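Worksheet: the structure to be examined is printed underneath.
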Amino acid sequence: MLTFLTSAIEFGVIFLFGCVGEILTEKSGHLNLGIPGIMCMGAAGGCLGVKLCYLASPAPSAFLVVLMGILFAMLFAAALGAVYGFLTVSLRSNQNVTGLACTIFGVGFTSFFLNNAVLSEGVSTQLSQAGLHFFNHPLPGADSLGWFGTLFLDHGILVYLAIVIAVIAAVVLRYTKAGLSLRAVGESPATADAVGINVTGYKYTAILLGAAIAGLGGLCYVMDYMGGIVGSTVDQTIQGIGWLCIALVIFAMWKPAFAILGSIVFGALYILSSYIQGISFEQIPLLNIVPFAVTILVLIATSIVGHREMQPPASLGLSYFREDR
Amino acid sequence: MKNTKEPFIHITRREGLPLWKGLLIRAAAVLIALILSDIVISAAAPRSQGFFGFFGALFSGAFGTERRIWLLFQNTFLLLGVAVALVVAFKMKFWNLGGNGQILMGCLACAICLKYLGGKLPDPLVWLIMLVTSLAAGALWAVIPAIFKAFFNTNESLFTLMMNYIAMYLVAFFISFWYPGGTGAMPPLTEGVLPPLGEGQMGKSLLPVLLFAVVTAAIYLYLRFSKHGYEVALIGDSKNTARYAGINVRKVIIRTLLLSGALCGLVGFVLTGSINRMVSTTMDGNMGFTGIMVAWMGNLDPLIMAGIAFFINFLTRGMAQVCTEFGFTSEALSDTVIGLVYFFFIGCEFFIRYRVHFAGRQKKQPGEETPASPEDGGQEQAPLPEDAGAKEAN
């Protein structure tokens, strides 16, 4: 039970990164269906960053490896986010179509890039060393504090980073002027424009930041959860996680703080099949359905309840052209 | 009028661009995407064949042998079938992102029939049952989200996306149920499958080509000339207008998605019943997503969509050849290049819908620009003046 909860937290933060990233993006009025591709880009960039460290020196410091992984994951993800932003903000393209194109590109690019540019001889052992020993390094006291240590201290740095980012995002959105402006842009860009808010600037910032944060989710899956083992279907797995992240935004009612709890619930559902005793090999695919089925139930439930607090930003999905008025 | 500083870029809406200009802009965008891919790939490839070797490989991969040409046409018409199925829903502004799942359910239903009925009943009867169950399974997978959309306005794009994964794991379950301890792959079945219509690859490819040519034409007529088609278009324009005109919106949403899903199921029927004779979790070939791009890029017009479906399959098959010749181990390169083509195609749409004026020049821009490096776009935005007098720049 304890290991199950610990794993649920570890898997949940992958959702948390993606979900918080998507919340930020949606708050600016942009529904980014490219999140699965962007998370993949994060995984690809993170692996490249780790590989570069090992190219520079055979035994790099843990701090450098983790930093480079995070940096490159955010960079790669933000690059694809920038493409999405440029197309949807500046060129006012359809957001759904652009997002899907980003996902197709990102998933394809990651699969190609990992196989052809990152994974060469010896790199997989380097990656798994980085994953197991550097990214998964527990906090002090993890062993000595019993169940508390195992549950809360025995995680890699990315787990804490995810929660810190979610809390910061929640505070910024709720209590700061920038957060208020961003919400205004998402609710009614024309009104925001009229009071002098830089609509384009806020949209770009939210999309780029959101993409960078979501990219960490991909990094987190490869380096933290998988311990640096890059399987051949990693792009497909992250794609599935990415769609769940987008759905999770609805579950969290566009609030990063709620996303923390929701992510852990989804993390538990996702890893359920590996922890239930006495199921046969054939039944595993049926258990894999659970998170997706639960998502559907959540979608239905929120649409039936239809509470005022649960609504998406009013201009979500619409492009803004000042001269259209 | 205190503000005399004129913004560098000024954008206005553009109406009635001549067709040929629009086509020229799109062709230029796609060409730039391909040349860009060519340069990067030629530079990075382990066994580069040079700048023109890229295009040579592209064409030989798509048209090199008679078999390849038939495969190209087969895949084009399969993709066109999916795209047309999705258009039915798009006309109503219903984002059916569940094409993959609906195709897979069609495949699965067909495979179940083959597995349990093949060889036990006369073949034509098996074919009929296969056809009906495939259509029903695809329709079921689309109508579940449609019902909730119609009654509770549930978000259909996420709902259909989740249905994709449920379908995928159901397929995985049936495969591991039928072949326990296996590799997760299913051997082709022999009994009850649809016979080829002729010799060689042509015989196998003829069925999808003919079938989906007919389906596309029929759906075009249905949407353009039938009362149903009119209702669908009206709901797409405005649900309230449609309701006011006395249309039962819920009924039409459900009916339309039954059709959309059934058409995807039909693609699954052809994939499993005739082409592959088995089912796998990736048999949809991501056509549900590609079909959306085809439908959107083709402006929901079946003829343009056919051209785009052809071009995307040309790229897919051509890029496979490029991968082999240039010495890449992963075929995912084709998705990367196609993704790049999508970006440029989506971006160039801007230059068709809007006109860009640069400060100090009165000449109209013929829209030759394609999106420059996206990062530039992001950087340019921040320091723009915020004066209310300044026109929104780019």
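The values are calculated or read from the model by the stated rules, or taken from the named source; none is laboratory data. Every value quoted in this text rests on a predicted model; they were computed, and no experiment measured them. Every residue, glycine as well, gets a Cβ built from its backbone with ideal geometry; the counts of neighbours run over all protein chains shown.
Does the stretch A:95-107 hold any residues that are in contact (Cβ under 8 Å) with a residue 60 or more places away in the chain and either facing chain B (nearest Cβ under 7 Å) or closer than 17 Å to A:Ala77 by Cβ (or both), and which are they?
Kept after step one, since they are in contact (Cβ under 8 Å) with a residue 60 or more places away in the chain, are these residues of the stretch A:95-107: A:95-96, A:98-107.
Within the stretch A:95-107, A:Asn96, A:Thr98, A:Gly99, A:Leu100, A:Ala101, A:Cys102, A:Thr103, A:Ile104, A:Phe105, A:Gly106, A:Val107 meet the criteria.
Residue-by-condition table, conditions (1) farther than 30 Å from B:Ala359 by Cβ; (2) of a type in the set (A, V, I, L, M):
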residue: B:Arg14; (1), (2): no, no
residue: B:Ile25; (1), (2): no, yes
residue: B:Leu31; (1), (2): no, yes
residue: B:Ser42; (1), (2): yes, no
residue: B:Pro46; (1), (2): yes, no
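Can you name every residue in the stretch A:286-325 that is closer than 30 Å to B:Ile11 by Cβ and within 9 Å of chain B (Cβ to nearest Cβ)?
Going residue by residue through the stretch A:286-325, those that are closer than 30 Å to B:Ile11 by Cβ are A:312-325.
Matches in the stretch A:286-325: A:Pro312, A:Tyr320, A:Phe321, A:Arg322, A:Glu323, A:Asp324.
Restricting the search to the stretch A:1-39, which residues are of a type in the set (Gly, Ala, Ser) and under 20 Å from A:Ile163 (Cβ atoms)? Reasoning before the result, please.
Of the residues in the stretch A:1-39, the ones of a type in the set (Gly, Ala, Ser) are A:7-8, A:12, A:18, A:21, A:28-29, A:34, A:37.
Matches in the stretch A:1-39: A:Ser7, A:Ala8, A:Gly12, A:Gly18, A:Gly21.
Step by step: first the residues of the stretch B:320-339, then only those that are more than 8 Å from every other protein chain (Cβ to nearest Cβ), modelled with pLDDT under 90 and part of a helix (DSSP H, G or I), then the one that is surrounded by the fewest Cβ atoms within 10 Å (Cβ to Cβ). Which residue is that?
Selected residue: B:Thr324.
If you go through the stretch B:114-145 one residue at a time, how many are in contact (Cβ under 8 Å) with a residue 60 or more places away in the chain and among the aromatic types (Phe, Trp, Tyr)?
2
Answer yes or no as to whether A:Ile38 is surrounded by 24 or more Cβ atoms within 10 Å (Cβ to Cβ) and more than 12 Å from chain B (Cβ to nearest Cβ).
yes
Would you check which residues across the stretch B:12-26 are at pLDDT 80 or above and among the aliphatic types (A, V, I, L, M) and list them?
B:Leu23, B:Leu24, B:Ile25
Take the conditions in a helix (DSSP H, G or I) and surrounded by 22 or more Cβ atoms within 10 Å (Cβ to Cβ) and apply them to A:Val172. Does it pass?
On the way: in a helix (DSSP H, G or I): yes; surrounded by 22 or more Cβ atoms within 10 Å (Cβ to Cβ): no.
It is false that A:Val172 is in a helix (DSSP H, G or I) and surrounded by 22 or more Cβ atoms within 10 Å (Cβ to Cβ).
For the subset of the stretch A:58-104 comprising residues that are part of a helix (DSSP H, G or I) and touching an Asp or Glu at 6+ places or on another chain (Cβ under 7 Å), which member is farthest from A:Arg322 (Cα to Cα)?
Ranking the qualifying residues of the stretch A:58-104, first place goes to A:Ile104.
Being more than 22 Å from the chain's Cα centre (by Cα) and buried (at least 21 other Cβ atoms within 10 Å of the Cβ) is the filter here, so list the residues in the stretch B:134-149 that pass it.
Matches in the stretch B:134-149: B:Lys149 only.
Would you confirm whether any residue within the stretch B:178-196 is in contact (Cβ under 8 Å) with a residue 12 or more places away in the chain, within 14 Å of chain A (Cβ to nearest Cβ), crowded, with 18+ Cβ neighbours inside 10 Å and not small (Gly, Ala, Ser)?
Looking through the stretch B:178-196, at least one residue is in contact (Cβ under 8 Å) with a residue 12 or more places away in the chain, within 14 Å of chain A (Cβ to nearest Cβ), crowded, with 18+ Cβ neighbours inside 10 Å and not small (Gly, Ala, Ser).
Check A:Val222, A:Val230 and return the single one that is under 26 Å from A:Gly69 (Cβ atoms) and outside any helix (DSSP H, G or I).
Numbers: A:Val222 fails: outside any helix (DSSP H, G or I).
So the residue among A:Val222, A:Val230 that is under 26 Å from A:Gly69 (Cβ atoms) and outside any helix (DSSP H, G or I) is A:Val230.
Could you check how many residues of the stretch A:66-83 are more than 16 Å from the chain's Cα centre (by Cα) and crowded, with 24+ Cβ neighbours inside 10 Å?
Number of matching residues: 2.
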